[in-house]
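This report refers to the structure that appears directly beneath it.
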Amino acid sequence: MQKNSSLFRKLIDLLIPLRCVKCGLVIEKEEGLCVTCWPRIPFIVKPYCFCCGRPFDFEIEEEALCGVCSRDLPSYATARSVFSYTEESRDLILKFKHADYLSAAPLYGKWMAHILDDIKDPLCVPVPLHWTRLFRRTYNQAALLAREVAQIKGWTYAPSLLKRKKRTPSQGYLSKTERYKNVNRAFSVDDSKKILLKGKTILLIDDVFTTGATLERCAQTLLKAGAKEVHALTLGRVVKPDL
Ligand SMILES: [Zn+2]
Ligand SMILES: [Zn+2]
């Protein structure tokens, strides 16, 4: 079976050449980026805040927290992201969000699975879209990423555990305080689903960590509904100075 699937993979590669996700150049290997684009993507590597994953500019002891987390610890235990959201990396996310660019999901899933710390058999839960937005966009990019990560790691994909109750305006136009208000009470877990997450570890997945407000509210909702702990994983992360 393994042999057959790798043969099949080779056949697909012959028919549809691999392309760089940033510039579209045909590439030979499965890393997803050409040699020119690879160094331009700001992949996040240690050292970073043990809790929220904010990258540090200098070496610091293991499990150190950034200023923001040491003042006010988030509800999620850890948050990790593949790369910083910058001028160079933003099109990787924007294309995936708004255009017909879903073929990047397996690659992004692989990158995300690769950077995870040791988490014991979590349920992979995507940050949900409100159904009216889902209807317009026809897919939830966070769900595509969560499904890929679950498949790669052999974990359970749980797309309907968390629900978005309130239709919230697009986050892009709001200030930080407005965003916190915006996602307040926006999520819920149906009573019938609470039994499924009782005492479980959750891996919450989204495409971008912007202010952390959405992930914080989702984590609060999941913990309140009975989850043991929540970890967050995103593809991109907006990195603001640590104040
Ligand atoms: Zn390229
Ligand atoms: Zn932090």
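For the reader, a short list of remarks on this structure follows.
- Residue order, fewest to most beta carbons within 10 Å, for 210, 201, 36: 36, 201, 210
- Pairs exceeding a 18 Å alpha-carbon distance, out of 29/97; 110/200; 163/193; 110/198: 29/97; 110/200; 110/198.
- Taking 15 Å as the straight-line reach from the Cα of residue 224, the aspartates and glutamates in range (excluding those fewer than 8 positions away in the same chain) are 190, 191, 216.
- Relative exposure of 242, 190, judged by other C-beta atoms within 10 Å (fewest first): 190, 242
- GluC sites (Glu not before Pro) restricted to the stretch 19-90 and DSSP loop, no more than 12 other C-beta within 10 Å: 28, 30, 59, 61, 62, 63, 87
Rule-based calculations on the coordinates, nothing more; no lab input. Here the structure is a predicted model, which means the values were calculated and not measured. Every residue, glycine as well, gets a Cβ built from its backbone with ideal geometry; the counts of neighbours run over all protein chains shown.
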